[in-house]
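Asks: Structure incoming, see below.
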Amino acid sequence: MSGEPKQSYTTLGLLVGADWSVLCHTYPHRPPILVVDAGNVSMSIAARGDAPDAGHIDFAYKLLAAVNDYLIAYEKYQFESQEAADAAAADDVTAPRAA
């Protein structure tokens, strides 16, 4: 063994359907906890320890930026999917029919 401390590692895939919630729990004298629930999966994000940490502020800003990127990408995907469906429906209406 190298003597280095071992760290846990987990990957979580969260498929979001109709049964979801996102909440930020705040407390008067301790850090907030962000909770994301989807179906039977619940995930919480919190700072390690109770002392304020500038590193966690950096993490929170990166998380915010990534969520914003996700939102923009998903809205684009939704818009383009709707445009394609509308175009297909218009083509179906205007296509000549065989007699």
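Since every read-out is calculated from the coordinates, none of them should be taken as a lab result. If you're wondering where the values come from, they're calculated on a predicted model, not measured in any experiment. Note that each Cβ is placed from the backbone with ideal geometry, even for glycine, and that neighbours are counted across all protein chains shown.
Asks: Give me the pairs: first residue in the range 8-23 and within 18 Å of Val67 (Cβ to Cβ), second residue of a type outside the set (A, V, I, L, M) and part of a loop (DSSP other than H, G, I, E, B), beta-carbon distance under 8 Å, and six or more apart or on different chains, which are they?
Replies: Going by the 8 Å Cβ cut-off, the qualifying pairs are Leu15/Gly39; Trp20/Gly39.
Asks: With the requirement that a residue be surrounded by 10 or more Cβ atoms within 10 Å (Cβ to Cβ) and not in a loop (DSSP other than H, G, I, E, B), what does the range 1-34 give you?
Replies: Of the range 1-34, the ones surrounded by 10 or more Cβ atoms within 10 Å (Cβ to Cβ) are 14, 16, 20, 22-23, 25, 30-34.
Result: Trp20, Val22, Leu23, His25, Ile33, Leu34.
Asks: Which residue pairs have Cβ atoms closer than 8 Å, lie 6 or more positions apart in sequence or on different chains, and pair a first residue in the range 41-65 that is part of a helix (DSSP H, G or I) with a second residue that is loosely packed, with under 10 Cβ neighbours inside 10 Å?
Replies: Listed pairs, sorted by first residue: His56/Arg48.
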